[in-house]
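These notes concern the structure reproduced below.
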Amino acid sequence: MRVVWIDLCFAINFCADYLICLLSARLCAVPLSRRRYALAAAFGALWAVAAACGLAFCLSPGGKLLGGAALCLCAFYGQREFARLCTSFFILSAALGGSVWALSLRPGGALALSPGLLGFGFFLFWALFDLLLRGAAARREREILEVKLRFLGRETAFRALVDTGNSLSEPVSGAHVMVVSPEALRGVLGEYYPLFLLDEPTEILEAAACLDALRGRLCLVPYFAVGAKGFLVAFRPDSLTIVGKEDGEKLLVALSSSASGEGHEGIF
């Protein structure tokens, strides 16, 4: 009689699915949405437990394909490069499965799996792809795009640097956040520009709540950087177009004086 350790099966598959979601997002250079990846990984782990317990549909090729598609929808739906993300997920899943199978193969064709071996396989897989992705990012040419933004009935244009390492996103909706210097938005902020120069983001929100034009239009976005963390004030523009790349309707715009640099006033 085969014994299935449900907790171990769930933990192993959760870690594998979460790892693959992260690598897929990095491979496609899209903002990371870790909560969604954790939810998708939990779904995938439950599907694997059902398959391990002998549920026929989950064991079938069609069931596995459907489970993978549902996991991709949970993790990536609504993000940029959705098709590429799904394709990357399935390719990386096959690569990870093949890697673990190769590591566990013993002379004579027998397989010897253990939690330690799986952990080593996951670490080796992550380290290899992380190294490849860092090398690709380092070789990527500096790209600056023209951005047109409309807010409060006014319109302005500025340049934004494409940064594949920018994983800043709004935690609830998962919307990608473009960081822009307040100076670049002086034209659309108008008389409200001095308000956005306050040091404390909470003070900006409190003051905006008293203004009809800004009430309910601002939010706080948490950020984490090397040696620093905090919140940025962000808003959803009336319209935002990234010239030559894509429409930015789903983007939020956060303000930070550190977003400006040589030849650009924002970071995308």
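The values are calculated or read from the model by the stated rules, or taken from the named source; none is laboratory data. Quick caveat: nothing in here was measured; it's all calculated off a predicted structure. So basically every Cβ, Gly included, is an ideal-geometry build from the backbone, and we count neighbours across all protein chains shown.
Scanning region 157-191 for residues that are surrounded by fewer than 18 Cβ atoms within 10 Å (Cβ to Cβ) and of a type in the set (Ser, Thr, Tyr), we see that the one that is modelled with the lowest pLDDT is THR164. Selection of region 53-80 for residues being outside any helix (DSSP H, G or I) and more than 17 Å from the chain's Cα centre (by Cα) yields CYS53, GLY54, LEU55, SER60.
Residues in region 146-156 that are surrounded by fewer than 17 Cβ atoms within 10 Å (Cβ to Cβ) and within 25 Å of the chain's Cα centre (by Cα) were compared, and the one that is modelled with the lowest pLDDT is GLU146. Whenever a residue of region 67-87 is modelled with pLDDT of 85 or more, its partners that are of a type in the set (Gly, Ala, Ser) and part of a loop (DSSP other than H, G, I, E, B), lying with C-beta atoms within less than 9 angstrom and at least six residues away or across chains, give the pairs ALA75/SER33; PHE76/SER33. Evaluate the following for GLY135: is it small (Gly, Ala, Ser), modelled with pLDDT of 90 or more and part of a helix (DSSP H, G or I)? No, not satisfied.
Given the criteria crowded, with 20+ Cβ neighbours inside 10 Å and assigned to a helix (DSSP H, G or I), does ALA50 qualify?
Values: crowded, with 20+ Cβ neighbours inside 10 Å: no; assigned to a helix (DSSP H, G or I): yes.
For ALA50, the condition - crowded, with 20+ Cβ neighbours inside 10 Å and assigned to a helix (DSSP H, G or I) - is not met.
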